[in-house]
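K.L.:
Please read through the structure below; I'll follow up with questions.
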Amino acid sequence: MLVACVLSLKGGVGKTTVTVGLASAAIHRGIETVLVDLDPQGNATATVDVTPSAIGVASVLADPRRSVVRKALVTSPWSEHLRVLPGSEQTEAHNDPDPGNKRLARLAEGLEKLDPLPNLVLVDCPPSLGQLTRSALVAADRAVLVTEPSLYAVTGVQRALEAVQRERTGRGRLQPLGVVVNRVRPRAAEHEFRLAELRELFGPLVLNPVLPDRSAVQQAEGAAVPIHRWPTPGAKEVAGMFDTLLDRLLRTGAKAGKRPPVAAATPA
Ligand SMILES: Nc1ncnc2c1ncn2[C@@H]1O[C@H](COP(=O)(O)OP(=O)(O)O)[C@@H](O)[C@H]1O
Ligand SMILES: [Mg+2]
């Protein structure tokens, strides 16, 4: 089981779009996937055509027992391969700005009790660094950062990377996969400039391809249809990009599985 969380410190940059796009790519290939919607807004839940519910991730964060996890899981109408821990406003009650380690570990505990265990878990985070996002980082093997190519992109990515570094003590497996630059308009001079700046500072952490701004993304999300099934050239283009990003995620996951745990590899 590979756990990837998708985060940014800003709202509206495309976390949910990237999480759901990766889920679409995964189920298209028949990969058993669980989507965890940690954002109290519940957008990822609604996009995969599931009703937001307090008997979802909120109940697992309150009590990560196997029976609770079983009750909270819902299969998405998108595919038998996609199960969801739905989000809801009640999740906000678990967004303490200063939680203890025990509470931060609850999501990780809950995920270990998924039955059957999926191949892939994708966690959509809220736009803040409180308990919810930090529990995702504790549970995750990989962190996917999302940004738009805008003025504050560099500082935002920098702060998110620092948060990833701080939380690496969790299970010791957390690594940044990289930064997805979203909503790029290729002929916009400002975007070209910001993209070059991000590449200069973060080098290979800036993932390829960058995602273009396409109305198909909003249309598919609005209709709660996977981007891989939305019948326009724009959707096909973006779906192919999510395939490439998923490949990258799964490749690094396979490599990580062969390494000894970080704790054992690091001299005391
Ligand atoms: N590549 C894109 N092209 C067009 N619209 C996009 C793209 N990425 C995101 N959007 C739109 O931008 C809005 C915010 O995206 P969302 O994924 O919900 O951001 P976040 O989860 O970070 O708040 C949504 O309406 C979404 O459809
Ligand atoms: Mg979102």
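The values are calculated or read from the model by the stated rules, or taken from the named source; none is laboratory data. Keep in mind it's a predicted model, so treat the numbers as computed, not measured. Reconstructed Cβ throughout: ideal geometry from the backbone, glycine too, with neighbour counts over all protein chains shown. Accessible surface is based on the protein model in full, side chains and every heavy atom, while ligands, DNA and RNA are left aside. Shrake-Rupley method; radii C 1.70, N 1.55, O 1.52, S 1.80 Å.
K.L.:
If the chain between Gln218 and Glu162 were fully stretched, how many nm would it gain, using 0.36 nm times the residue separation less the Cα-Cα distance?
P.N.:
Gain in length upon complete extension: 17.1 nm.
K.L.:
Using alpha carbon centroids, what distance separates the stretch 77-98 and the stretch 131-148, in Å?
P.N.:
Comparing the Cα centres of the stretch 77-98 and the stretch 131-148, I get a distance of 14 Å.
K.L.:
With Cβ to Cβ distances under 13 Å as the rule, what net charge do the other residues near Val50 carry (K, R +1; D, E -1)? Kindly include the intermediate steps, with their values, before the conclusion.
P.N.:
On the way: positive: Arg83; negative: Asp37, Asp49, Asp124.
Local charge sum for Val50: -2.
K.L.:
Once amide H atoms are placed 1.01 Å from N in the peptide plane, what residues at a sequence separation of 5 or more from Val3, or on another chain, have their amide H within under 5 Å of its amide H?
P.N.:
The answer is Val121, Asp141, Arg142.
K.L.:
For the stretch 8-14, just list the computed ³J(HN,Hα) in residue order, Karplus coefficients 6.51, -1.76 and 1.60, θ = phi - 60°, integers in Hz, with x standing in for Gly and Pro.
P.N.:
Values per residue, Gly and Pro as x: 7, 8, 10, x, x, 8, x Hz.
K.L.:
I want to verify a result. In a Gaussian network model of the chain, Cα cutoff 10 Å, which of these has the top mean-square fluctuation: Ala160, Ala143, Ala220?
P.N.:
Looking only at Ala160, Ala143, Ala220, the biggest GNM fluctuation is shown by Ala220.
K.L.:
Quick one: what are the phi-derived ³J(HN,Hα) couplings along the stretch 235-249, Karplus 6.51/-1.76/1.60 with θ = phi - 60°, whole Hz, x for glycine and proline?
P.N.:
Once θ is set to phi - 60°, the couplings for the stretch 235-249 become 5, 5, 4, 5, 4, x, 5, 5, 4, 5, 5, 5, 3, 4, 4 Hz.
K.L.:
Rounded to the nearest percent, how much of the accessible area of the stretch 2-256 (1.4 Å probe, protein heavy atoms only) is carbon and sulfur? Display every interim value, and only then the final one.
P.N.:
Details: 5600 of 10820 Å².
With neighbouring chains kept in place, the figure for the stretch 2-256 is 52 percent.
K.L.:
Run the simple label-point estimate for Gln175 and Glu192 please: 7 Å along Cα→C-beta, distance reported in nm.
P.N.:
Simple spin-label model gives 3.4 nm for this pair.
K.L.:
Where nothing but the Cβ of Lys and Arg (+1) and of Asp and Glu (-1) is charged, how large is the charge dipole of the stretch 2-256 around its Cα centre, in debye to the nearest 20?
P.N.:
Roughly 540 debye for the stretch 2-256.
K.L.:
Provide the percentage of antiparallel DSSP beta bridges, counting only those with both residues in the chain; round to the nearest 5.
P.N.:
Antiparallel: roughly 5 percent of the beta bridges in the chain.
K.L.:
I'd like the Karplus ³J(HN,Hα) series for the stretch 85-96: coefficients 6.51, -1.76, 1.60, θ = phi - 60°, whole numbers in Hz, and an x wherever there's a Gly or Pro.
P.N.:
9, x, x, 5, 4, 5, 4, 4, 4, 9, 10, 5
K.L.:
Residue farthest toward the positive end of the dipole of the chain, with Cβ of Lys/Arg at +1 and Asp/Glu at -1: which of Leu249, Val36, Pro97?
P.N.:
It is Leu249.
K.L.:
Classify the stretch 2-256: rounded, prolate or oblate, from the alpha-carbon gyration tensor (a ≥ b ≥ c, eigenvalue square roots; a/c under 1.5 rounded; otherwise prolate if a/b is larger than b/c)?
P.N.:
It is oblate, given that a/c is not under 1.5 and a/b is not larger than b/c.
K.L.:
Could you compute how much accessible surface Arg251 exposes when probed at 1.4 Å, giving the result in Å² to the nearest 10?
P.N.:
Number for this one is 140 Å².
K.L.:
May I pose another question? Modelling each spin label as a point 7 Å along the Cα-to-Cβ direction, I'd like the Lys71/Val154 distance in nm, to one decimal.
P.N.:
5.1 nm
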